[in-house]
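Structure record follows, encoded as structure tokens.
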Amino acid sequence: MELRQIRYFMEVASREHVTEAATALHVAQSSVSRQIANLEAELGADLFVRESRQIKLTPIGRIFHERMKQAMNVINHATREVEEYLDPKKGTIRIAYPISLAAYTLPTVIHAFRTEYPEAKFQLKQALYPELMHGIIDGDFNLALIGPLPKENKKFHRKALFTEKMVALLPLHHPLANKTSIRLRELKDEPFIVLPEGFVLRDMVEHACHAHGFSPAIGFEGDDTDALKGLVSAGLGIALMPEVTLIDNTPRSTVTIPLSENNITRTVGVITPAQRQLLPTEEIFYQFLLQFFSRLNFFSH
């Protein structure tokens, strides 16, 4: 079994198309087909089911794909470790993050880091809450910003960075828009604008409402926090959002009002693998991350 065969197999499996895989690999389609056939012959099993132009993994192919994904992560990790050992200030940091930290938190940290390490590179991946934890465990990446901070897990380490309040975002001419604070129950008859099911922020909003005696009436769903802001700005409902999503990015025709309840908060942190060491450049960024938030009043802007 050759490393080239595995790389070709992984590309075809991800794209489910030999021609597209060959284009991405910058090789001839016949070369990809031949290497896949050689791999299947060596293993004595069909890894793909051919369906006209598309191909899909067989059940044993899916198992093999998962194992090879882990193996390739180890190989890539080892290769990068050697490269970064020679000059860690020029390495690459792979970090994943949820959508709620994309607009302000992560860019702010990266900008500060790049002022000290201008040659460091970043590979960024946005992911849902479960994907952040699974990606750390499976080796897809070694660093993930996450909020709320998950429960302790023997497969990853976790470190809190800051705690923020959830706030209410209302249309500018809403009857409650002039209040200095709002009790959550005052919003029980309002149409709530939320993220789709599967987003942890959606769960947080619903749990907070249930804890205060009501179920939120879902008026609209938006695919990201900017969509929620736009819908509120259009007067279509209200939203509960982490305050960090509104720093320097509160839309016109809306107003942000604190909630009276001080316990409706979210702790944002970083998780790293328990069974793998961070690569040299990632370790530098991780330590920078901890120091950055320890000395910064993040909500003084």
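Being touching a Phe, Trp or Tyr at 6+ places or on another chain (Cβ under 7 Å) and part of a loop (DSSP other than H, G, I, E, B) is the filter here; which residues of segment 35-56 pass it?
As a first pass, look at segment 35-56 and keep what is touching a Phe, Trp or Tyr at 6+ places or on another chain (Cβ under 7 Å): 35-36, 39, 47, 55-56.
Across segment 35-56, the qualifying residue is only L47.
Residue pairs whose Cβ atoms lie under 9 Å apart, separated by 6 or more positions or on different chains, with the first residue in segment 14-30 and within 17 Å of K56 (Cβ to Cβ) and the second of a type in the set (K, R), are E16/K56; H17/R53; V18/R53; T19/R53; A21/R15. Residues in segment 30-45 that are surrounded by fewer than 13 Cβ atoms within 10 Å (Cβ to Cβ) and of a type in the set (D, E): E42 only. Name every residue in segment 33-63 that is among the hydrophobic types (A, V, I, L, M, F, W, C) and within 33 Å of the chain's Cα centre (by Cα), in order of residue number. Matches in segment 33-63: I36, L47, F48, V49, I55, L57, I60, I63. Note on segment 78-133: among residues that are surrounded by 18 or more Cβ atoms within 10 Å (Cβ to Cβ) and among the polar types (S, T, N, Q), the one that is farthest from T267 (Cα to Cα) is T108.
Just one of the listed residues (P251, P258, P280, P273) is farther than 30 Å from K154 by Cβ and in contact (Cβ under 8 Å) with a residue 24 or more places away in the chain, namely P258.
Given the structure, is S30 more than 29 Å from the chain's Cα centre (by Cα) and modelled with pLDDT under 85? So S30 does not fit the description; no. Checking the stated criteria, A71 turns out not to satisfy the condition of being surrounded by fewer than 18 Cβ atoms within 10 Å (Cβ to Cβ), free of Cβ contacts under 8 Å to residues at least 12 places away in the same chain and among the small types (G, A, S).
A residue that is surrounded by 13 or more Cβ atoms within 10 Å (Cβ to Cβ), of a type in the set (A, V, I, L, M) and not in a helix (DSSP H, G or I) cannot be found anywhere in segment 4-25.
Would you pick out the residues in segment 223-239 that are closer than 15 Å to F199 by Cα and either of a type in the set (D, E, K, R) or within 20 Å of the chain's Cα centre (by Cα) (or both)?
Restricting attention to segment 223-239, the residues satisfying the condition of being closer than 15 Å to F199 by Cα are 223-228, 239.
D223, D224, T225, D226, A227, L228 - these are the residues of segment 223-239 that are closer than 15 Å to F199 by Cα and either of a type in the set (D, E, K, R) or within 20 Å of the chain's Cα centre (by Cα) (or both).
Tallying residues that are more than 15 Å from H65 (Cβ to Cβ) and either hydroxyl-bearing (S, T, Y) or at pLDDT 90 or above (or both) within segment 3-23 yields 2. Here A78 fulfils each of the conditions (1) farther than 20 Å from Q287 by Cα; (2) in contact (Cβ under 8 Å) with a residue 12 or more places away in the chain; (3) hydrophobic (A, V, I, L, M, F, W, C) apart from (2).
A Cβ distance below 7 Å, combined with a sequence gap of six or more or placement on separate chains, defines the contacts here; from segment 177-195, residues that are under 20 Å from F220 (Cα atoms) reach residues that are of a type in the set (D, E) and open to solvent by 80 Å² or more (accessible area, probe 1.4 Å) in the pairs V194/E221; L195/E221.
The values are calculated or read from the model by the stated rules, or taken from the named source; none is laboratory data. Note that the structure is a prediction, hence the values are computed from the model and not measured. Neighbour counts run over all protein chains shown; Cβ positions are idealised from the backbone, glycine included. The accessibility values were calculated without ligands, DNA or RNA, using every heavy atom of the protein model including side chains. Shrake-Rupley method; radii C 1.70, N 1.55, O 1.52, S 1.80 Å.
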